[in-house]
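Student: Handing you a structure now.
The values are calculated or read from the model by the stated rules, or taken from the named source; none is laboratory data. Only a predicted model underlies this, so the values are computations on that prediction, with no experimental measurement involved. All Cβ positions, even for glycine, are placed from backbone atoms using ideal geometry, and neighbour counts span all protein chains on display.
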Amino acid sequence: MTITSDSIVDVSPPPPGLYTSGPALQPWEAARPAGLPGSLATEFTLDLNPPEITDAVREYAAPSFLPKRPLVEVLRDLASRIYTDFTYRSGSTTISTGVNEVLLAREGVCQDFARLAIACLRANGLAACYVSGYLATDPPPGKDRMIGIDATHAWASVWTPQQPGRFEWLGLDPTNDQLVDQRYIVVGRGRDYADVPPLRGIIYTNSENSVIDVSVDVVPFEGDALHA
């Protein structure tokens, strides 16, 4: 079976000041959902089943969540620590691998690092979601863009209250040690990977073995198709 999907996506940079003003610079404790404005975000503070928020997760998160530390500093520090402490190793985990297994192994892939960041955020009362999508990458200077080397990507976002009746999600990508910008293409948000898999279904076959081969290209589009 072959599945092909082509999309033209219009992306925008983060709102001005998203990471440099407002809730981003306030103590991280202020981003905990509270009252009516945070009622819909409360779901994203809850643990999963089976539980992921353990003493080991709380212990790992603690150095980033210093009291009264600005939220954006917490996000940068958490992303940087995961990037430094863990090894990216393709095939080392599956979608069923738990956060605490990743903590012990100190290796994984983007979905593992995103889920670890989410567990750390939720362990401290923040509303965090799992984001599935794509990341536009640039070839090395002087090199041609290689076809099919991109892949689905995963990162984390944390809910923040803005003006009355408004909110924003601040994104962090621990796999690449950076905050989310216009290169990130969001396909779906959920409480965990199971809410937003890129493909869902069952294949009935007589084959004893199956191999999944995936290739993704994210390239700039030159044209006016979006405005035709």
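Student: Which of the residues that make up the range 85-140 are within 14 Å of the chain's Cα centre (by Cα), in a loop (DSSP other than H, G, I, E, B) and either surrounded by 23 or more Cβ atoms within 10 Å (Cβ to Cβ) or free of Cβ contacts under 8 Å to residues at least 12 places away in the same chain (or both)?
Tutor: If the condition is that a residue be within 14 Å of the chain's Cα centre (by Cα), in a loop (DSSP other than H, G, I, E, B) and either surrounded by 23 or more Cβ atoms within 10 Å (Cβ to Cβ) or free of Cβ contacts under 8 Å to residues at least 12 places away in the same chain (or both), then Ala127 is the only one that fits.
Student: Using beta carbons and a limit of 6 Å, which pairs, at least six apart or on different chains, have the first residue in the range 65-81 and more than 10 Å from Pro174 (Cβ to Cβ) and the second one hydroxyl-bearing (Ser, Thr, Tyr)?
Tutor: Within 6 Å, the pairs are Val72/Tyr19; Val74/Ser64; Asp77/Ser64.
Student: Do we have Arg81 as in contact with a strand residue (DSSP E or B) (Cβ under 8 Å, 6 or more places away or on another chain) and surrounded by fewer than 20 Cβ atoms within 10 Å (Cβ to Cβ) here?
Tutor: Working: in contact with a strand residue (DSSP E or B) (Cβ under 8 Å, 6 or more places away or on another chain): no; surrounded by fewer than 20 Cβ atoms within 10 Å (Cβ to Cβ): yes.
No.
Student: Here's something else I'd like to know. For the range 72-121, name all the residues that are within 13 Å of Ala61 (Cα to Cα), in contact with a helix residue (DSSP H, G or I) (Cβ under 7 Å, 6 or more places away or on another chain) and of a type in the set (D, E, K, R).
Tutor: Result: Arg115, single match.
Student: Here are the criteria: (1) closer than 29 Å to Ala136 by Cβ; (2) in contact with a helix residue (DSSP H, G or I) (Cβ under 9 Å, 6 or more places away or on another chain); (3) free of Cβ contacts under 8 Å to residues at least 12 places away in the same chain. Tell me which single one Ala24 does not satisfy.
Tutor: Among (1) closer than 29 Å to Ala136 by Cβ; (2) in contact with a helix residue (DSSP H, G or I) (Cβ under 9 Å, 6 or more places away or on another chain); (3) free of Cβ contacts under 8 Å to residues at least 12 places away in the same chain, the lone unmet condition for Ala24 is (3).
Student: Would you please name the residue that is nearest to Tyr134 (Cα to Cα), looking only at residues in the range 158-175 that are in a strand (DSSP E or B), of a type outside the set (Ser, Thr, Tyr) and modelled with pLDDT of 90 or more? Give the steps one after another, and end with the answer.
Tutor: As a first pass, look at the range 158-175 and keep what is in a strand (DSSP E or B): 158-161, 167-173.
Cutting the leftovers down to of a type outside the set (Ser, Thr, Tyr) gives us 158-159, 161, 167-173.
With the extra rule that they be modelled with pLDDT of 90 or more, the set shrinks to 158-159, 168-173.
Values: Val158: 18, Trp159: 20, Glu168: 20, Trp169: 17, Leu170: 17, Gly171: 13, Leu172: 14, Asp173: 12 Å.
Result: Asp173.
Student: Which pairs have Cβ atoms under 6 Å, sit 6 or more apart or on different chains, and link a residue in the range 187-199 that is touching a residue at least 60 places away in the same chain (Cβ under 8 Å) to one that is assigned to a helix (DSSP H, G or I)?
Tutor: As it stands, the answer is Tyr193/Gln111, since those pairs meet every condition given.
Student: Then there is this: Inspect the range 35-44 for any residue being under 19 Å from the mean Cα position of the chain (by Cα) and within 21 Å of Gly98 (Cβ to Cβ) and give the result as yes or no.
Tutor: Yes: one or more hits.
Student: Collect the residues in the range 15-49 that are within 23 Å of Asp181 (Cβ to Cβ) and at pLDDT below 90, keeping them in residue-number order. Step through it out loud before you land on a result.
Tutor: Going residue by residue through the range 15-49, those that are within 23 Å of Asp181 (Cβ to Cβ) are 15-26, 28, 31, 41, 44.
Result: Pro15, Pro16.
Student: Looking at this structure, is Ala30 crowded, with 16+ Cβ neighbours inside 10 Å and assigned to a helix (DSSP H, G or I)?
Tutor: Details: crowded, with 16+ Cβ neighbours inside 10 Å: no; assigned to a helix (DSSP H, G or I): yes.
Spelling it out, it is not the case that Ala30 is crowded, with 16+ Cβ neighbours inside 10 Å and assigned to a helix (DSSP H, G or I).
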